[in-house]
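Coordinate-derived values only; no laboratory data. Being a predicted model, the structure only gives us computed values, none of them experimental. No Cβ is skipped: glycine too gets one built from the backbone with ideal geometry, and neighbour counts run over all protein chains shown.
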Amino acid sequence: IANPIYKDNVIISGSDDEINEVFLMHIYKDGGEEALKNLAPNIKATWHASQMAKAAGSSMADGAAIYVLAWFFADTCPNTDHISIIFPEDGAMISPMYMMVKADKAERMKPVTDFMTGAEMGAISAGSKFPPLCPEIPNILPEGTGLKWFGWDFVRENDMKVLAEELNARLAKYRRECGSVNLLKPSPSKKGFKRMMVKG
């Protein structure tokens, strides 16, 4: 993703003023500041994953060669003859969710916690291309693939909110330095997507 051969050819999840923090944290943890600098000129746009799914494999001029999005959305891409869904060799990035229950409320909340970690919810998750929490549900990942996350040590060593803001600010700085000030944003219209320039 940070290789110079992908200059201006990567679209990732994000909004007008920030890029997906989980993606940035993985890039930063694996490659440090140099990886952020190398990534900056490659990012063409930040779109919602549903917009990426529609654009991938199409002839849309605002599109790109690479889209980084959740498997759930990638699986809904209509242009299947013109795309390949690729899992990174070192694992697909995950953003773990968590559920907390007060100790003195555990028994009262047991129906909820049992459902969230049970087979029914596990099957729903697996059917939507999300890893199930229930060990009874078979592994849904394609053979030879895995999951990747930064680990508890990284979480404990960093204030996640502060780090997300800092990484976004530094990436924006590197984008300005390489002349990539604007991010293309798709906007739905009766004729499809139109070009909008957004400061980034």
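Taking only DSSP H segments of four or more residues, each worth -39500 (n - 2.57), what value at 222 nm results for the chain once the sum is divided by all its residues, to the nearest 500 deg cm²/dmol? It would help to have the intermediate numbers written out before the result.
Working: 7 runs with 71 residues, N = 200.
It comes out at -10500 deg cm²/dmol, rounded to the nearest 500.
Could you list, in their original order, any pairs among 37/129; 29/173; 7/173; 29/161; 54/148; 7/148 whose Cα atoms are separated by more than 21 Å? Beyond 21 Å: 37/129; 54/148; 7/148.
Expressed in Å, the radius of gyration and Dmax of the Cα atoms of region 59-160 are 17.6, 57.
Return the tail of the calculated pair distribution for region 1-136, meaning the percent of Cα-Cα pairs more than 22 Å apart. Walk me through the numbers on the way to the answer.
Working: 4516 of 9180 pairs.
Pairs farther apart than 22 Å: 49 percent.
Centre-to-centre separation between the Cα atoms of region 125-140 and those of region 35-82: 25 Å.
With +1 on the Cβ of every Lys and Arg and -1 on the Cβ of every Asp and Glu, and nothing else charged, how large is the dipole of region 11-135 about its Cα centre, in debye rounded to the nearest 20?
Values: 9 positive and 16 negative charges, 70 e Å.
So the dipole magnitude of region 11-135 works out to roughly 340 debye.
The charge dipole of region 88-177, taken about the Cα centre with unit charges on the Cβ atoms of Lys, Arg (+1) and Asp, Glu (-1), comes to about 400 debye, rounded to the nearest 20. With the largest listed first and rounded to whole Å, the semi-axes of the equivalent ellipsoid of region 101-170 from the Cα gyration tensor are 29, 22, 11.
How much length would be gained if the chain were fully extended between residue 66 and residue 121, taking 0.36 nm per residue of separation minus their Cα-Cα distance, in nm to one decimal? Write down the numbers at each step before the final one.
On the way: separation 55, 0.36 × 55 = 19.80 nm, distance 3.16 nm.
Result: 16.6 nm gained on full extension.
Counted over region 16-81 with a bin width of 5 Å, the fraction of Cα pairs per bin, in whole percents, is 3, 16, 24, 23, 17, 12, 5, 0. For region 12-39, the residues whose amide N sits under 20 Å from a probe point set 7 Å from the Cα of residue 157 along the beta carbon direction are 21-37.
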